[in-house]
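S.K.: I'd like to ask some things about the structure below.
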Amino acid sequence: MPKSMPLRLVLASASPARRKILRAAGIDPDVLVSGVDESLVVTERAEELCLELARMKAQAVLTRLRPADDQRTLVIGCDSVLAFDGEILGKPADAADATRRWQQMRGRSGVLHSGHCLIDVVAGRRAEAVASTAVHFADISDDEIATYVGTGEPLAVAGAFTIDGLGGPFVERIEGDPSTVIGLSLPVLRRLLGELDLRIADLWTKVAPGDQMVEPLS
């Protein structure tokens, strides 16, 4: 397959945070939501759960694609869960669940795991990995919890928190890659591309930080 063939990255996720982090890194993906039923996967290991869901999302989108002959298409599926106090926490069920979680998490720590599955559609090759980052939560008040939950943000994200949004002030520090916590690790993506004989720069487009004009590199 010619290395000069244009690359297309399809993000198998509705997450605006994942798309935003890719765009900030100079990558403008197409978005196709997988529609995977996450309740179908049951496991007691957070790493296994997020990786299996990432596989399922990528595969679900793969079956709906019609790759062009003059374009090399890649699909990236991702999933994130928080391992905390012996539980695996995805998105909260409702506001009460988010409130309960924050009352347990405040002043304590958990590990955010993000699974990645990258598929080269035409070549039929794939590369997978899980990235893990320790998250240390601030000891926030009941009023801060109620106000934060009231924004609705915690209901839409794994672990009921963000570091790149309203939840950022409530995370004291992390140990690891920040993009893992956002939901897609850029260093992991770089390594997975390398396994498929590609470079991260091969995905750079004209969309870049500050709307700079960056031509794809050949």
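The values are calculated or read from the model by the stated rules, or taken from the named source; none is laboratory data. Since we're looking at a predicted model, the values are computed, not measured. Ideal geometry is used to build each Cβ from the backbone, glycine not excepted, and the neighbour counts take in all protein chains shown. Quick note on the areas: whole protein, heavy atoms, side chains included, nothing else; ligands and nucleic acids left out. Shrake-Rupley method; radii C 1.70, N 1.55, O 1.52, S 1.80 Å.
S.K.: Is one or more of the residues making up the stretch 58-69 farther than 19 Å from Trp204 by Cα, under 13 Å from the mean Cα position of the chain (by Cα) and modelled with pLDDT of 95 or more?
M.R.: So in the stretch 58-69, the residues farther than 19 Å from Trp204 by Cα come out as 58-69.
Pick out the ones that are also under 13 Å from the mean Cα position of the chain (by Cα) and you get 58.
From what's left, modelled with pLDDT of 95 or more: 58.
Yes, the stretch 58-69 contains a residue that is farther than 19 Å from Trp204 by Cα, under 13 Å from the mean Cα position of the chain (by Cα) and modelled with pLDDT of 95 or more.
S.K.: Among the residues of the stretch 108-126, what is the count of those that are crowded, with 21+ Cβ neighbours inside 10 Å and of a type in the set (S, T, N, Q)?
M.R.: Looking only at that region, the number is 1.
S.K.: Quick one: count up the residues across the stretch 98-125 that are within 19 Å of Ala54 (Cβ to Cβ) and without any contact (Cβ under 8 Å) to a residue 40 or more places away in the chain.
M.R.: 1
S.K.: Listed residues Gly77, Gly26; which is touching a Phe, Trp or Tyr at 6+ places or on another chain (Cβ under 9 Å) and closer than 23 Å to Leu193 by Cβ?
M.R.: Gly26
S.K.: I've got another one for you. What residue, of Thr147, Thr133, Thr162, Thr180, is under 30 Å from Gln71 (Cβ atoms) and of a type in the set (Val, Ile, Thr)?
M.R.: Thr180
S.K.: For the stretch 127-168, how many residues meet the condition of being open to solvent by less than 60 Å² (accessible area, probe 1.4 Å), over 17 Å from the mean Cα position of the chain (by Cα) and of a type in the set (Ser, Thr, Tyr)?
M.R.: Residues that pass the stated criteria total 2.
S.K.: Say we look at the stretch 184-218 and pick out the residues that are hydroxyl-bearing (Ser, Thr, Tyr) and at pLDDT below 95; which of these is most open to solvent (accessible area, probe 1.4 Å)?
M.R.: Top of the filtered list is Ser218.
S.K.: If you check Ser4 against the conditions, is it modelled with pLDDT under 95, surrounded by fewer than 18 Cβ atoms within 10 Å (Cβ to Cβ) and in a helix (DSSP H, G or I)?
M.R.: No; evaluated as a whole, the condition is false for this residue.
S.K.: What residue, among those in the stretch 84-107 that are part of a loop (DSSP other than H, G, I, E, B) and touching a strand residue (DSSP E or B) at 6+ places or on another chain (Cβ under 6 Å), is least open to solvent (accessible area, probe 1.4 Å)?
M.R.: Checked the stretch 84-107; the qualifying residue least open to solvent (accessible area, probe 1.4 Å) is Gly90.
One line per residue, one yes/no per condition, for (1) of a type outside the set (A, V, I, L, M, F, W, C); (2) in contact with a strand residue (DSSP E or B) (Cβ under 8 Å, 6 or more places away or on another chain):
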| site | (1), (2) |
| --- | --- |
| Ala17 | no, no |
| Lys20 | yes, no |
| Ile27 | no, yes |
| Ser34 | yes, yes |
| Leu40 | no, no |
| Glu47 | yes, yes |
| Glu52 | yes, yes |
| Ala58 | no, yes |
| Thr63 | yes, no |
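S.K.: Kindly establish whether Thr43 is in contact with a helix residue (DSSP H, G or I) (Cβ under 6 Å, 6 or more places away or on another chain), surrounded by fewer than 19 Cβ atoms within 10 Å (Cβ to Cβ) and not aromatic (Phe, Trp, Tyr).
M.R.: Working: in contact with a helix residue (DSSP H, G or I) (Cβ under 6 Å, 6 or more places away or on another chain): yes; surrounded by fewer than 19 Cβ atoms within 10 Å (Cβ to Cβ): yes; not aromatic (Phe, Trp, Tyr): yes.
Yes; evaluated as a whole, the condition is true for this residue.
S.K.: I'd like the full set of residues that are at negative phi and assigned to a loop (DSSP other than H, G, I, E, B), limited to the stretch 154-177.
M.R.: Residues satisfying the conditions are Val157, Phe161, Thr162, Ile163, Asp164, Gly165, Leu166, Gly167, Asp177.
S.K.: Go through the stretch 10-40 and give me each residue that's open to solvent by 70 Å² or more (accessible area, probe 1.4 Å) and in a helix (DSSP H, G or I).
M.R.: Pro16, Arg19, Lys20, Arg23, Glu38, Ser39, Leu40
S.K.: Name the residues in the stretch 182-199 that are of a type outside the set (D, E, K, R) and farther than 25 Å from Val81 by Cα, would you?
M.R.: Gly194, Leu196, Leu198
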